[in-house]
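K.L.:
Here it is, the structure, as structure tokens.
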Amino acid sequence: MLWLFPSPEGEGNCVLWNHNRLDGPITVAVARLGAGEAIPLYFSTLQKLESTPRPGAGRRRRLRSSSPCAWWRTNQLVGSVCGMMQPDMTPEIYPNSPLQGVVFEIRFPGEPAVECHRDQFFEDVRKEFPQVLVPKLQEGAAAALSPYHFQSADGTKALLTALNLFAFRTSQYPGYAAFKDEALRWCRLFATRFSIDKLSRTGLRYTNVIPYPPGQGFPLHRFLQIQMSLGGGTMDRLENLYITSRMPAANGALTLNVGSIKGEQGEDAILLDFDFARTEGLRFAEIERHLDESHDETKQLFESLLTHEYRSYMRGEELP
């Protein structure tokens, strides 16, 4: 991920900073940013453009891959970078997205008022979530910690409430901006009703199901850039596989589940499940920032896992 920060070099300048710190800052005169503003950008690659000389340097030179910093010719970057910064520019939404569901969850120290006055919150949301689904308890489960589901009439959305958690779940995902607005709307309504302030956990989960034709073994390599070698064999010879990986991040941890499953119609499919969780330094007042940072982490990993072939399919092309 790359960030645009105001540059001290002059008004209208900004610094293009590689979040992964593989390179140093690159200064380009592309936009006017106010003090303290920062805009995240995502690039798969940066074109190697001819650079202008550093102040006080002589002739122009080409940037070598080992050089951590350079002064770039801005006229070749202004169009693409500034274009991404226009207010009407939105992230790409794939027509053939494999996304099956998204959940944003907050957890907090147990609040008895949630259990005692759940009916009051239901009155707040009844118009949009008229169905009440009571949890089915397993032996030994605590009823107060098992969430009620207030579900929309068509079953595509739900609000989950329990003594120590609240969540918004949807199987309709019109894009992150719309999802974020709705998730924050319900979270704030719930937090206001029950005076929730301190949080113990936030979690953002994306569940993807990728169907594939029968008789192909487990063709994970066609869809995702994940490679394994098991005793000299290849992954496409496998019939069943399930992998869980937990990756620490700067502000939390990302759990990734990949496996072979059966889809809703019984078809062979690949499960790709992301769950980014934060547990430190959480306050409800900063919930929007927590959600944005969780989305940035999951989005970055998802985009990096896609093969070129599958990305083309998600954009509407046929799989070969």
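The values are calculated or read from the model by the stated rules, or taken from the named source; none is laboratory data. None of these values were measured; they are calculated from a predicted model. Note: ideal-geometry Cβ built from the backbone for every residue, glycine included; neighbour counts use all protein chains shown. When the accessible area is computed, the model is the full protein with side chains, heavy atoms only, and any ligands, DNA or RNA have been set aside. Shrake-Rupley method; radii C 1.70, N 1.55, O 1.52, S 1.80 Å.
K.L.:
Run the quick spin-label model on Asn257 and Asp154: label points 7 Å from Cα toward the beta carbon, then report their separation in nm to one decimal.
P.N.:
Going by the 7 Å Cα→Cβ label model, 2.6 nm.
K.L.:
Work through the residues other than Leu256 whose Cβ is under 12 Å from its Cβ and net out their charges, Lys, Arg +1 and Asp, Glu -1.
P.N.:
Around Leu256, the charge tally is -1.
K.L.:
Highest mean first, what order results for 238-249, 270-281 on Cβ atoms within 10 Å?
P.N.:
Highest to lowest by the protection proxy: 270-281, 238-249.
K.L.:
What distance in nm separates the simple spin-label points at Gln216 and Arg283, each placed 7 Å from Cα in the Cβ direction?
P.N.:
5.0 nm
K.L.:
Share of region 89-156's accessible area from carbon and sulfur, percent, 1.4 Å?
P.N.:
53 percent
K.L.:
Quick one: of Lys127/Lys157; Lys127/Lys180; Lys262/Lys299; Lys180/Lys299; Lys180/Lys262, which pairs are farther than 23 Å apart, Cα to Cα?
P.N.:
Violating the 23 Å Cα-Cα cut-off are Lys262/Lys299; Lys180/Lys262.
K.L.:
Report the dimensions of region 134-197 along its three principal axes from the alpha-carbon atoms, largest first, rounded to Å.
P.N.:
Taking max minus min along each principal axis of the Cα atoms, region 134-197 gives 39, 29, 18 Å.
K.L.:
Another question, then. For His308, what accessible surface area do you get with a 1.4 Å probe? Give it in Å², rounded to 10.
P.N.:
So the heavy atoms of His308 present about 150 Å² to solvent.
K.L.:
May I pose another question? So what is the accessible area of region 150-255 per residue, in Å², with the probe set to 1.4 Å?
P.N.:
About 49 Å² of surface per residue is accessible.
K.L.:
Next question. Hey, rough spin-label estimate for His117 and Asn96, points 7 angstrom out along Cα→Cβ, what's it come to in nanometres?
P.N.:
Result: 5.1 nm between the two label points.
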